[in-house]
Structure formats: structure tokens, C-alpha cells
Amino acid sequence: MKVIPEKKSTEKKCELCGSDCNVLADLGNQPLANKYPANKDAFKKEKFWHLKALICSNCFCGQLNEMIDRSEMFEDYYYLSSVNAELNKHFDDFAKDLLDFNFVLDVGSNDGILLRPLKNNNVKCLGIDPSINVGEIANNEGLETIVDFFNMDSAKYIKENYGKPDAIVASSIFTHLEKPKDFIESLEYLISNNGEIFIEIEYLLNLVKKCQFERFYFDRPFYYSVTSMKNIFEENNLVLTNVKEISPHGGSLRLSFMKRDHNLKIDDSVKNFLELERNFFKSSNVNDFQKEIEKNAKDLVDLLNKDNLTIAGYGAPARLATITNFANIDINKIKYVVDDSPLKAGRYSPGMHIPIVNKDHLLKEKPDLLVVFAYEYIESIFEYTKQLGIPHYQPIPPKQIK
Ligand SMILES: [Zn+2]
């Protein structure tokens, strides 16, 4: 592997281990990626910050240069996991691995996507999720969900009222946590002595490898490596015992942790991933990332400018904002974006203000080409969009997928 000259480190130290950080990606001025302005007055009030992704030179944890006040952030565009066929399959399969546990707690349980198959298999389970709307949907279906954040207070409440779980799951929420160490402390408090904690994360190494720069945005302060996860859990006497590759969100990992005072068997996968990261992040990959991003953004713009095509987008997830603001893509390049959430339709994309419409619009104003921003769900999207008979592209790197 190519050895590269040392990159100038930034002022900021790693939030997790205090070591120097290097700049991984500079994504320019960006708005909040989950705040969809409703009208032109709202455009004027939109705030922008400089979005830079850094990487720690020691634990390889990705993190942002700036932490935006959380109170600026959350609005009520709740996302229901269970409407998505690919995610349902993922959690149905996951539930099969959990059948031998006595009591499973799902942290960030959303609308009960994991609780449902567990309950169907008679596994005692409980969810906890801070969203009132989403928790209500799960509870109405008989999938018991505490509406709260997971922290020491709610962990104590669960212990007193339900007992200690021997399995705790937290899927796709770690990256959003502002204080991951407090969260881990509560996990360690609540898990039973021989219990197992399963954390599912998007994997920073895959994100870099696949040039998925659009996954950086202000709602997510951390982007984890296996090394960084292992280190911060160990600080709370939780040992990484296994690392498994899983499919959702394009190249994620499931990490298993257990308490240290237990006769632990550490799977070889742990050692293998640590070694992989040492080689990968010490190589040219980190320095070349910015060039890769710029090349991909240019290729996308070239595609959008081609032959005066009418182009529409499908899916307005947060990363739509990162891509369009970085590559300066507005209504002149993408006429409108379709989203399945009725709460987003009628609004505009953050920063670049591309109109968001519901999917019926595709038939009224038929495009020549569709850029699928939520490309990992292409199979379910294509069920509807195949009737258009037009090419479907993923944005980064731009290539035809259907
Ligand atoms: Zn670090």
C-alpha cells in the first residue's frame, strides 16, 4: 500500500480519545439536512454552517468539526421503518438470532420493526424510542414501547419495572448520539451479567471506500470505526466479542459486546477488522477522499446537464441535502424530488430548494431520467417506477442501476 506524507492535523482533538484529527472531507456550506423549508419565507431563515468531516489519527473515529445545537434540529418528519421491505427482512432475520434470549430490549425501536418478529416468536421484548408518534404506533399494535430517550434514568426505570434484559439491541442510532459514552454507561448498568449487547452501525471504512460523502450531515456527529467502538465500550468494561457485516444502509456492521468479568470467547473477526482499519486508514485512502468526492460530484453534474433531459429525483433523505448543496444542484438540474412521506411533500429540499412532491407527480410530469437518492431501497421503489420505462441512476458514483 502507498505511503503518503503526513497530513496537517486540525485544531480539533478527537472527541473520544483526545488524539489529533485530520480532515477527511470538506463539504462546504451546508444547511441542516433534515429541515425541509415549507415556503419562500422559510428560505430566508435557513442557516448554513461549514461542514467538515474529520478522522482521528488514533482511533479512526469520524466526527464533524462543528456540533450544532440539537434544539435546532429535530422536526416531526418521522420515519417509519416498517414501510420498508428491505428493512423488514433485515429485522426478521435478526430476530431469528435472538430467539434464545429471555428478554430483549430494543433501543430506538421505531414502530416495532424488531419487536414484531420477536413477539411472534414468543420472545419477551420491550422497545424504547423518544418519538411520541412512532411509539404510539407500536403500542397500538401491542408492541410495548416506552416513549423516552435511553439514559441512566430510563435504564433504572426498566430495571425496576421489567428486570434486566439479557440482550440489548441498538440499531442505526449510535451515529446520532451526541454523548455516546453516557449511553454506553447506561447499557453497562442495565445488561444482565451474561447478557449481550448488539450495536448496528454504518461503517466508516465502507463509507470512505464507496465515496458515500453524502452520509455526512450535521444530525450525525460521529461515524464509527471498529477500533473506536472497541475503545469506548472498553472504558465501561464492555468487551467487543464479534463483528459481523450486515446489509442495511450499504455496508453496515453488527458489533457484539459483553461484560468483561465473564469467560469470554473473542471471535477472530475482531482482530481482523482492527488490522484492516490500521492498513486502510493509514494509507492514501484518507488523503484521496476529497479528490474522489469532487470527481464524483462533477460526474453527477455532467450527467444532469446531458442532452437537456428532464430529470427528477426519488427520495429526499437527509443526504439529498449534502449532495445537492455540495455539487450546487438546484431546480435547473433536478426539476422535482419525489418522497413517500406525506410530511415532506409540498416542502423544499434544504438549501437548494428543489420542490418535493408525492409519487403521483411522476405520472403527471414524466421525467426522462430518475436519480434515486434512496438507492438502497431501489427494489421497493422500482415496483412503482418501472411503469415509467425510464433509466434509474444512483447519484454517487453516478451509474445506472435499473
Ligand atoms: Zn480518537
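The values are calculated or read from the model by the stated rules, or taken from the named source; none is laboratory data. Here the structure is a predicted model, which means the values were calculated and not measured. Areas reflect the complete protein model, heavy atoms only, side chains present, ligands, DNA and RNA absent. Shrake-Rupley method; radii C 1.70, N 1.55, O 1.52, S 1.80 Å.
With a/c under 1.5 counting as rounded, go ahead and sort the range 294-400 into rounded, prolate or oblate using the C-alpha gyration tensor (a ≥ b ≥ c being the square roots of the eigenvalues; past the cut-off, prolate if a/b is larger than b/c, else oblate). All intermediate terms of the calculation are to be shown ahead of the outcome.
On the way: a/c = 1.42, a/b = 1.16, b/c = 1.22.
Since a/c stays below 1.5, the shape of the range 294-400 is classed as rounded.
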Alpha carbon centroid spacing (whole Å) that separates the range 135-185 from the range 285-325: 36
How much of Y223 can a 1.4 Å solvent probe reach, expressed as accessible area in Å² and rounded to 10? 10
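From the square roots a ≥ b ≥ c of the eigenvalues of the alpha-carbon gyration tensor of the chain, which class results: rounded (a/c under 1.5), prolate (a/b over b/c), or oblate?
Numbers: a/c = 1.79, a/b = 1.28, b/c = 1.40.
The shape class here is oblate.
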For L64, enumerate residues with amide H under 5 Å from its amide H, sequence gap 5+ or separate chain, H modeled in the peptide plane. L54
Leaving out ligands, DNA and RNA, what percent of the accessible area of the chain is carbon and sulfur, probe 1.4 Å? 47
Residues of type lysines that K13 reaches as a straight line, Cα spacing below 21 Å, ignoring anything fewer than 8 places off in the same chain: K52, K179, K181, K230, K282
Just to confirm, what accessible area per residue do you get for the chain at 1.4 Å probe, in whole Å²? 45
In sequence order, calculated HN-Hα J values of the range 211-217 (Karplus, 6.51, -1.76, 1.60; Hz; x Gly/Pro): 6, 8, 5, 5, 7, 8, 7
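With a 1.4 Å probe and all protein chains kept in place, how do I331, I68, I173 rank by accessible area, largest first? Could you put the intermediate results ahead of the total?
Details: I331 85, I68 10, I173 35 Å².
Largest to smallest exposure gives the sequence I331, I173, I68.
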Listed by chain and number, the aspartates and glutamates with an alpha carbon less than 15 angstrom from that of K12, same-chain partners under 8 positions apart left out, are D20, D26, E66
Whole-number percent relative contact order across the range 185-287, with pairs defined as alpha carbons under 8 Å at least 6 apart: 33
Once all protein chains are kept in place, K179 shows an accessible area at probe 1.4 Å, nearest 10 Å², of 140
³J(HN,Hα), Karplus 6.51/-1.76/1.60, whole Hz, each residue of the range 367-376, x for Gly, Pro: x, 8, 7, 10, 9, 8, 6, 9, 5, 5
Checked against a 23 Å limit on the C-alpha separation, the offending pairs among K295/K364; K96/K244; K40/K335; K209/K244 are K295/K364
Non-local amide H neighbours of W49 (under 5 Å, H modeled in plane, Pro and chain starts lacking H): which ones? Q30
